[in-house]
Structure formats: structure tokens, C-alpha cells
1. Go through the residues of the stretch 182-192 one by one and say whether even a single one is of a type in the set (Asp, Glu), part of a helix (DSSP H, G or I) and in contact (Cβ under 8 Å) with a residue 12 or more places away in the chain.
2. Could you list all residues from the stretch 8-50 that are open to solvent by 70 Å² or more (accessible area, probe 1.4 Å), more than 20 Å from residue 85 (Cα to Cα) and of a type in the set (Asp, Glu)?
3. Any residue in the stretch 22-36 that is among the polar types (S, T, N, Q) sitting within a Cβ distance under 8 Å of a residue that is open to solvent by 80 Å² or more (accessible area, probe 1.4 Å) and modelled with pLDDT of 80 or more? List the pairs, counting only those 6 or more apart or interchain.
4. Is it the case that residue 94 is modelled with pLDDT of 95 or more, among the basic types (Lys, Arg) and surrounded by 16 or more Cβ atoms within 10 Å (Cβ to Cβ)?
5. Count, please, the residues in the stretch 151-165 that happen to be in a helix (DSSP H, G or I) and out of contact with any helix residue (DSSP H, G or I) (no Cβ under 7 Å at 6 or more places or on another chain).
6. Residues 161, 119: which one is surrounded by fewer than 16 Cβ atoms within 10 Å (Cβ to Cβ), without any contact (Cβ under 8 Å) to a residue 12 or more places away in the chain and more than 29 Å from residue 186 (Cα to Cα)?
7. Looking at the stretch 51-63, which of its residues are within 20 Å of residue 5 (Cα to Cα) and crowded, with 20+ Cβ neighbours inside 10 Å?
8. Here is a list of conditions, (1) in contact (Cβ under 8 Å) with a residue 40 or more places away in the chain; (2) open to solvent by 80 Å² or more (accessible area, probe 1.4 Å); (3) farther than 16 Å from residue 100 by Cβ, and residue 170 meets all of them except one; can you say which number that is?
Amino acid sequence: FLGWIANAHDMRGEYSKSKQFYEELLQIYTTKDTKEAKRENALTLNRLGSLSRELGLYDEAMDYHQRALHLQQSTSSAAKAMTAETCVLMGMTKIKMCEYKKALDLFEDALLVLKSSLGKRHSSVATTLSQIGAVHFEMGDFTMAMTTLTEAEHNQISSIGENSRDTLETQAMIGRVLCRQGEYDTALKKLRAVANKQMT
């Protein structure tokens, strides 16, 4: 029940209140030594990290995610995909901290694990590719950004559909890259297509 209450506050954008309930839930899981409790403990740590990121508490967010990662690595190889997801969350925090090279390293490490454990066409792989493309954009490497984002777009269309939110966000990012490359007409066409899909 605590998790449901925490999630409800999160959905309402009440991140501080949500944190309070997740912290209470964390205290419950840390008193148990079962495999399931450790898994839930790591998930709760990651939720707390994401909430801290939303609140602008980036160092605190990294601490939560690192604790989750340590817990996942100490359990079993079956947690590899979950470990990769934690690396993705850490990468998202590093982007907020403008530490793009560290973010890129985290995303690329996660991508290798996700491809091997979930397959190259999984939606999590596509989302991570999109995040890698966004980091290349921030670093000014527009050619690499376009290559990675295009791969992400193709994967997302086949796995979650062309009108999904993640696909549209990737396509919008491609439009931004095209602008920076001076391909203004193509960029406008891409961005208008995204806008039209969002309105339907």
C-alpha cells in the first residue's frame, strides 16, 4: 500500500511527498534478507533516485542509483537487465549534471547488456539508443547523433509503433539534429509530422 500511495503522489508531481513514502518502504525492505526483498529494495532505491533527479538533487539521485546498482550486482546474473536499467537512470542524472561523457559511457554500457539480454529489437534497447543520440547532440557530434537516433527510430517503430510517445520524441530530436546540420526544410517537414501526430 505504501508503494501505491508513493506512486500516486509521483503521478501528481508531488515528488517530495512521494519520496517520504518510498523512504518508509525502503526501511521495511532493508530489514528483510530474501531475494525478493533485495529486488524490491533496488527498485525502491531507483525510484527514490528518479524522484531526487526531478527535485534537482542530482548528487542524492546518484547515491540512490549507486546503492541500487551495488545491490543488483551482489544478487545474481539474472539481474543483468535490471542493472542496465539502473545505469540508464544514472546516465539520465549525469545529463542533468551536464556530465555528457559520463552519461554516454553509462548508456553504452547499458546498451551492451540490454542487447545481449533482451535482444536488439527490444523497446528498452531503442530507448537507450535514443538517449545515446541525445547525448551526442549535446556534445555537438551531430553525425553520430543522427546515426544513433535513426537506428532508435527504426527500432521504436517496429517495437512500440510510430505514434508512441518515445518514437515521437526520437523523431523530434532528429528534427533538431537536422536543424543543426543546416537541413532546414527536411527538419521542418520532420517536426511538422511529429506535431501532427501529437494532435491526432
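1. Taking the stretch 182-192 first, the residues of a type in the set (Asp, Glu) are 183, 185.
Still in the running and part of a helix (DSSP H, G or I): 185.
From what's left, in contact (Cβ under 8 Å) with a residue 12 or more places away in the chain: none.
There is no residue in the stretch 182-192 that is of a type in the set (Asp, Glu), part of a helix (DSSP H, G or I) and in contact (Cβ under 8 Å) with a residue 12 or more places away in the chain.
2. 24, 33
3. none
4. Numbers: modelled with pLDDT of 95 or more: yes; among the basic types (Lys, Arg): yes; surrounded by 16 or more Cβ atoms within 10 Å (Cβ to Cβ): yes.
Answer is yes for this residue.
5. At the first step, the residues of the stretch 151-165 found to be in a helix (DSSP H, G or I) are 151-159, 165.
Right, trim to out of contact with any helix residue (DSSP H, G or I) (no Cβ under 7 Å at 6 or more places or on another chain) and you get 154, 158, 165.
Within the stretch 151-165, residues that are in a helix (DSSP H, G or I) and out of contact with any helix residue (DSSP H, G or I) (no Cβ under 7 Å at 6 or more places or on another chain) number 3.
6. Working: 161 fails: more than 29 Å from residue 186 (Cα to Cα).
Unique residue meeting the criteria: 119.
7. If we filter the stretch 51-63 for residues that are within 20 Å of residue 5 (Cα to Cα), which is where we start, we get 51-55.
If the condition is that a residue be within 20 Å of residue 5 (Cα to Cα) and crowded, with 20+ Cβ neighbours inside 10 Å, then 51, 52, 53 are the ones that fit.
8. Every condition holds for residue 170 apart from (2).
The values are calculated or read from the model by the stated rules, or taken from the named source; none is laboratory data. Predicted, not measured: the structure shown is a model, and the values here were computed from it. Neighbour counts run over all protein chains shown; Cβ positions are idealised from the backbone, glycine included. Note: areas computed on protein heavy atoms with side chains; ligands, DNA, RNA excluded. Shrake-Rupley method; radii C 1.70, N 1.55, O 1.52, S 1.80 Å.
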